[in-house]
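> My questions will all concern the structure given below.
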Amino acid sequence: MGLSVAFEQLASRVTLVELDEQVAAVWKAIISEGLGEWLADQIIDLSFSLETVETLLQKRSLTIGEQALQTIVKNRINRGGILAPGAGRVKYGEKGRGIASRWYPKTLARRIRDISAIRERLRFIHGDGLDFLRQHTLHQDMVFFIDPPYTASSNCPGKRLYTHSSIDHERLFELAGQLAGEFLMTYNFDEPIVEMAERYHLDWHIIVMKNTHHIHKREMIIGRDLAWLR
Ligand SMILES: C[S@@+](CC[C@H](N)C(=O)[O-])C[C@H]1O[C@@H](n2cnc3c(N)ncnc32)[C@H](O)[C@@H]1O
């Protein structure tokens, strides 16, 4: 979402905040360190096989660029792109291409180069999104898109998806309610989340999404006033 806003020039500056070290390595490499060209070249030059991938993933003491490459490779070969410990590998994949099933080097490299080209508009913070919100509650000139792990109810799809899957949802709703700027938040649709939104006097609306298994799921958009969405 943040990248789209930056590409479309809907904001003069976009800040992405992420806690996960593996994901953070990618944004640090491209946005903070200017290693996008290097990363894109590595992706194009990688001769992709079970052996080369295993060797790459076993490397330790990595530079930030190498960490970014590891994350991208892991995301492409793990089922559902999951990076959390315990994630399984794709077995047969698309068209029986196995481990290389989702390895599209040209697309990845192009995408990274595109992001690199607008990195002046982007800023990345490897940190806690709740802290960031707390520090910026009074900023009327900022808008926030909040996409937390979906772990706020027992019917929570996010638990096995992320290394950092547990956050203080109650605190997040409280902070969202205090923001002077506009915000949008996404969640899975579930009764406890509706209750939390109502407790903090937030507006909510149901939208239908398709998940990775092409199954329709109801999700919630939460904001201050979603009249424009209805
Ligand atoms: C639903 S995903 C959002 C993914 C994001 N929109 C993207 O495209 O990369 C939730 C993300 O929140 C991150 N996360 C969990 N707790 C966090 C926190 N306290 N601060 C910042 N990010 C956090 C997880 O690591 C995970 O990547």
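Residue by residue, here is whether (1) polar (S, T, N, Q); (2) outside any helix (DSSP H, G or I); (3) more than 16 Å from the ligand (Cβ to nearest atom) holds:
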| position | (1), (2), (3) |
| --- | --- |
| 40 | no, no, yes |
| 47 | yes, yes, yes |
| 55 | yes, no, yes |
| 67 | yes, no, no |
| 83 | no, yes, no |
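> Can you tell me how many residues within segment 123-178 are away from the ligand (no atom under 12 Å from the Cβ), in contact with a Gly (Cβ under 9 Å, 6 or more places away or on another chain), free of Cβ contacts under 8 Å to residues at least 40 places away in the same chain and under 30 Å from residue 86 (Cβ atoms)?
0
Here's the yes/no breakdown for (1) at pLDDT 95 or above; (2) outside any loop (DSSP other than H, G, I, E, B):
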| position | (1), (2) |
| --- | --- |
| 125 | yes, yes |
| 131 | yes, yes |
| 134 | yes, yes |
| 137 | yes, no |
| 145 | yes, yes |
| 154 | no, no |
| 158 | no, no |
| 161 | no, no |
| 164 | no, no |
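> Next up: Among (1) touching a residue at least 40 places away in the same chain (Cβ under 8 Å); (2) not in a helix (DSSP H, G or I), where does residue 10 come up short?
So residue 10 meets the others, but not (1).
> For segment 133-162, give me each residue that is out of contact with any strand residue (DSSP E or B) (no Cβ under 7 Å at 6 or more places or on another chain) and of a type in the set (Phe, Trp, Tyr).
Within segment 133-162, just 162 meets the criteria.
> Would you pick out the residues in segment 26-36 that are crowded, with 16+ Cβ neighbours inside 10 Å and either within 12 Å of the ligand (Cβ to nearest atom) or not in a helix (DSSP H, G or I) (or both)?
26, 27, 33, 35
> Please go through (1) farther than 27 Å from residue 169 by Cβ; (2) free of Cβ contacts under 8 Å to residues at least 24 places away in the same chain; (3) of a type outside the set (S, T, N, Q); (4) within 14 Å of the ligand (Cβ to nearest atom) for residue 72 and return the number of the only condition it doesn't satisfy.
(2)
The values are calculated or read from the model by the stated rules, or taken from the named source; none is laboratory data. The model shown is predicted, which means the values in this text are computed figures rather than measured ones. No Cβ is skipped: glycine too gets one built from the backbone with ideal geometry, and neighbour counts run over all protein chains shown.
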